[in-house]
């Protein structure tokens, strides 16, 4: 048991150091040699846990994402109302990225467009966690809090896309300085568009064809 705990602690140490190196230099420029030097261990020790540099990179999101989404599920159990739950979800995303800049850099700048990452445990954790947004939107539709004609996938895409844009700009330019300040304005705009309203007559001259978006569980 003591040996297992020691190995787990060493693995977490390697992942923590690797996150800083990858975030600072990018995947191509980072080397196992530098990671080993900063972690104060041998390169051979790293290869005992990770067979490749890419394997080490892919391992970084799994644990961090699990912590975020475990915390999210805990909070959602304590909150009433779909709009309040969406606000909590967005806050937790922004708070986590704000306080884990290396993780944000790796997700947004390195892994976001890596097709091989889509097959990893880390991406599976992220996909399952993001589905919490779908569940909250569906809950709001079922309760009558949100409009009946909503497409949960489309609304979720708007939320995630906005978060990714703000976080990427923050990583690249340092602006906005505080990501959490955008939580309320962002959610207020979204809720304004998806909340239920009293029935009103629809004039044919103003009627528009509905936007059809294929439901997709992929993140």
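Rule-based calculations on the coordinates, nothing more; no lab input. Here the structure is a predicted model, which means the values were calculated and not measured. Cβ coordinates were reconstructed from backbone atoms using ideal geometry, including for glycine residues, and neighbour counts include every protein chain displayed.
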Note to self: Assuming 0.36 nm per residue, please report the length gained on full extension of the stretch residue 115 to residue 79 beyond their Cα-Cα distance.
What the structure shows: 9.4 nm
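For the chain, what relative contact order do you get, as a whole percent, if you take Cα pairs closer than 8 Å and at least 6 residues apart?
Details: 173 pairs, mean separation 47.9, N = 219.
Relative contact order for the chain comes out at 22 percent.
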Next item on the list: Round to the nearest 10 and give me the degree value, 0 to 90, for the angle of helix 183-194's Cα axis relative to the longest principal axis of the chain.
Entry: 40 degrees
Notebook entry, point to check: For the Cα atoms of the chain, what angle does the longest principal axis make with the long axis of helix 2-25, in degrees from 0 to 90, nearest 10?
Noted result: 70 degrees
Item checked: Helix 53-78 vs. the chain, principal-axis angle (Cα, 0 to 90°, nearest 10) -> 40 degrees
Margin query: Among (i) 44; (ii) 30; (iii) 15, only one was calculated for this model; which label is it, if the read-out is percent of Cα pairs over 32 Å apart?
Written below: (ii)
Check: Using the alpha-carbon centroid of each, what span in Å lies between the range 7-29 and the range 122-199?
Finding: 30 Å
Next item on the list: Estimate the FRET efficiency between residue 31 and residue 1 by the formula 1/(1 + (r/R0)^6), using the beta-carbon distance for r and 45 Å for R0, to the nearest 0.05.
Entry: 0.85
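Can you tell me how much longer the chain between residue 44 and residue 8 gets when fully stretched, taken as 0.36 nm per residue apart minus their C-alpha distance, in nm with one decimal?
11.3 nm
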